[in-house]
Structures are given as C-alpha cells and as structure tokens.
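To keep things clear, I will list the structure first and then write my remarks on it.
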Amino acid sequence: MQTNLADFIKGTRDGDEAEAILRACVHCGFCTATCPTYQLLGDELDGPRGRIYLIKQVLEGVAPTRKTQLHLDRCLTCRNCESTCPSGVRYGRLVDIGRKVVEARVARPLGERIQRRTLKELLPRGALFKPAYRAGQALRPLLPQALRDKLAPAPAAGRWPTREHARKMLVLDGCVQPALAPNTNAATARVLDALGVQLVAAPRAGCCGAVRFHMNDQQGGLDDMRRNIDAWWPYVAQGGVEAIVMTASGCGVTVKDYGHLLAHDPAYAGKAARIAALTRDLSEVMQAFEGEIGARMAGRIKERIAFHPPCTLQHGQQIRGKVEGVLRAAGIDVVLCAESHLCCGSAGTYAVLHPDIAHQLRERKLAQLAATGASEIVSANVGCIGHLQAGTATPVTHWIELIDRILAGVPAG
C-alpha cells in the first residue's frame, strides 16, 4: 500500500512504524472473513481492511470525524485478522497508532468522556476496584440484570503455599483479577508448588498497562508498565527467577510487548526487553510438566470439558494447542467449539463500551460451546471467563483451577 504521510507524523517513531505496516497490506481482504464486527455489521469500515484505509487517510492528513472514531472504537482488537493475514500486517499496532491520533483530534460526547475516564481511573487500580466491586456485590439485588450478571460472587482464593523451593517464578496479580477471580493465581501457586516450583507475587506490581494503553491513554499505560518493571527488577536482577508467569492471557500479550513499547525509553528499554523475554503464559510453563501431570491425574476426571481460547492467547501471543495439550495429558476429554478462533466479545473494556455487539458475540459463542456437550467451560483470561459466565449457568473457570481441583480430589463441574 503506497503512503504519503502528513508532516505531523512523518519521520516520527509512530509514523515510521505505521508506514511500514501500511506498506505490508496488499488489500486482499482475507481479514474480513475472520473479523467478528464485519461479520455482524457487514460494513467494510467495520472490518480490518476498511479500518486500515481510514487510518491511512488520517495519517496522510485527512481530518478524522466522529464516524472515523466510531469505526475504530468498534474494533475488538482481537487480532484474528493478524492470524489470517498472508502478508503479516501488524494490525494491532496500527490501530493503536490510529486511535491515538484520532482521539487527539475528535472530541467525544460528555457521556463517553465520563465513562471512559471512570474505566481508566478505576480498573487499573486494584486498591480502588476491589472495594468498588464489593460494594456493587452488596447492592447486587437492587441493580439491573445486566449489572447483576457482572457482579456474580467470586470463589474464595484458598490457601497460598508457604513451602520454599529452589525453583522460583514471579506471577502478576493484575488489576481486576484479584477481585473477580482471586482463586486463579492461588490455584496456580498450589499446582506449581506440587510440581516443585515456588510462585512469588511482587507486592508493587499491578495493572499490566493494557487498560489505559488501549483506551488511548498510552502515556498512562506506559507508566503502568514502568511500575511493574520497577517491582519485578529486584527479583530479576538477583537471579533465580526462571520466568514471569501470566495467568491472564490479556496481560501476557501486553507484558511480552514491553520491549517494543518501551524501546524509545533509554531508562527502561533494556529492562523492558529482559522482562518481556522472561514472560511466559501459564500454558507455556505447564507444558514442561505434562508427563508429571499425566502420572498424577490421568483417569481422575470423566466429564467433557470445553476450552475457549482467548484471542489474546491464540492471536495476540500465537499460542495454540498448549492448554489443550496439558489438559489431555491429565486425561481430560477437552474439546474446542465450532468457530473457536472467533472472539467471545469480552475484549477488555469492550463489553462495557459496546454491550450490544459484545452480547451478540457472547450468545453466539455460548451456543457453540453448549453444542459440545461439555459440563464445564475453561478459558485462560479473566475477562473472557467473567463475560461468558454472565450469560450461562454452565460453570466457567480458568483451566488451572480445574487442574488444582483434580489434584485436590474435588470433582469437576
């Protein structure tokens, strides 16, 4: 794709990156076949190819409009298009650049500004989000059904192992997961403890940076990333930490990108690259223990389990088959549903900002998951888990919690 960038962005870091991405696109349209919003809305501008044209126009100097902003907002950033693209177009980075430029030039209505500001200030701060979430749960009977669905009681975390092991790994608590799914990291710690690995949470680490970064407060998101690096660096610098484990794939895809996102920062570039290199999705860590998992667990669960692979895992991190491999090694009958490559509609804050589209995608996904006949649904990202659970009575949990329950002798389902 030929480009002629406007002076305001030409020669800048974002401009150079955007130009390289735009030049890789050959207009083939393969991406439209796997774009959830294009499939629902049928509008070229609500698909990757159309959005690429819109971003190209803006970067070449065409004034963006409210309509431009809306089409970019509607993108789930699921990055399914990247998995489909034969030319390797890095659409996710391009849409981040385009959204930042449009956000600076198009004023949002007051209601949207308040809503987005609230999300950016509340969600990344666990110390604020957790009490707010608990207050919402206390008021749950008085709230509309849509809000009650999002405030379902969270399972208790259970004990965190206290044994010391020579092998140690860090884990990110994140921002909303301690309130929405406190058992996920605790279950991970228990499973790894049984396998001879000690899991450590750095007290000062928090939001991975994705919430603010993808809501166009990119500087705020980068500050969150720097804080995490500062929290983890003493553990990394002294050695002995094998990996930084991500139990939420949405966080993992962001932390693995720290090296690129902070490459321009001389104070953090080297550290960010080291942190990114150490970061592993939990499925990547557990893959090494498949033999031991199989020996301990094979034959202990008979129910069929459906796995929903989050977009941040299969498209963002390009990790496929690893979760299923661990579960099958444990003797579990795990299946994928039809169209397992498509987004469930959660997409971070998307389900709050665009509930109509998010709910349509969720209903479609849940119908396909139900068709598998599974007694339980497992996933690998807190957002997907909460979003799906709000629409079904079938239990939806993190897959490591299933492993933890089986090791503890608790039946699935």
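The values are calculated or read from the model by the stated rules, or taken from the named source; none is laboratory data. Remember, it's a predicted structure, so these values are computed and weren't measured experimentally. Neighbour counts are summed over all protein chains in view; Cβ atoms, including those assigned to glycine, are modelled from backbone coordinates with ideal geometry. SASA here: full protein model, heavy atoms, side chains in, ligands and nucleic acids out. Shrake-Rupley method; radii C 1.70, N 1.55, O 1.52, S 1.80 Å.
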Q: For the chain, give the magnitude of the charge dipole about the Cα centre (Cβ charges: +1 Lys/Arg, -1 Asp/Glu; no others), in debye to the nearest 20.
A: 620
Q) Gaussian network model of the chain, Cα springs within a sub-10 Å range: biggest mean-square fluctuation belongs to which of Gly50, Gly240, Gly345? A) Gly240
Q. How much mean residue ellipticity at 222 nm does the chain get from its helices, if each DSSP H run of length 4 or more adds -39500 (n - 2.57) and you divide by all residues, to the nearest 500 deg cm²/dmol?
A. -14500 deg cm²/dmol
Q) Based on the Cα gyration tensor of the chain, what are the three equivalent ellipsoid semi-axes, each the root of five times an eigenvalue, rounded to whole Å and given largest first? A) 34, 25, 21
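Counting only protein heavy atoms and a 1.4 Å probe, tell me what percentage of segment 81-195's accessible area is made up of carbon and sulfur.
60
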Q | Average accessible surface area per residue within the chain, 1.4 Å rolling probe, Å² | A | 41
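Largest first, what is the accessible-area ranking of Thr394, Thr247, Thr65 with a 1.4 Å probe?
Sorted by accessible area, descending: Thr65, Thr394, Thr247.
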Q: Hey, for a label at Val352 modelled as a point 7 Å past Cα toward Cβ, could you say which residues of segment 194-216 have their backbone N under 18 Å away?
A: 206-216
Q: Heavy atoms only, probe 1.4 Å: what % of the accessible area of segment 313-413 goes to carbon and sulfur, would you let me know?
A: 54
**Q.** Coil-residue trypsin sites (Lys or Arg not before Pro) of segment 101-180, DSSP, other Cβ within 10 Å capped at 10
**A.** Arg159, Arg163
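For the pair Arg140 and His264, what calculated FRET efficiency results from E = 1/(1 + (r/R0)^6), where r is the Cβ-Cβ distance and R0 = 41 Å, to the nearest 0.05?
0.40
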Q. Given 37 °C and 0.692 mPa s, how large is the Stokes-Einstein diffusion coefficient of segment 50-162 in µm²/s, with Rh as the Kirkwood radius over Cα pairs?
A. 187
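How much length is gained if the chain between Gln318 and Trp160 is pulled fully straight, taking 0.36 nm per residue apart and subtracting their Cα-Cα distance, in nm to one decimal?
53.8 nm
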Q) Which Cys residues of the chain have no other Cys beta carbon under 4.7 Å away? A) Cys25, Cys28, Cys35, Cys75, Cys85, Cys337, Cys344, Cys384
**Q.** Whole-number Å³ per residue for the convex hull built on Cα positions in segment 299-355
**A.** 96
Q. With point charges of +1 on the Cβ of Lys and Arg and -1 on the Cβ of Asp and Glu, referenced to the Cα centre of the chain, which listed residue (Val89, Leu195, Ala154) lies farthest in the positive direction of the dipole?
A. Ala154
Q: Just subtract the alpha-carbon distance of Phe8 and Ile114 from 0.36 nm times their residue separation and send over the number in nm, one decimal.
A: 35.3 nm
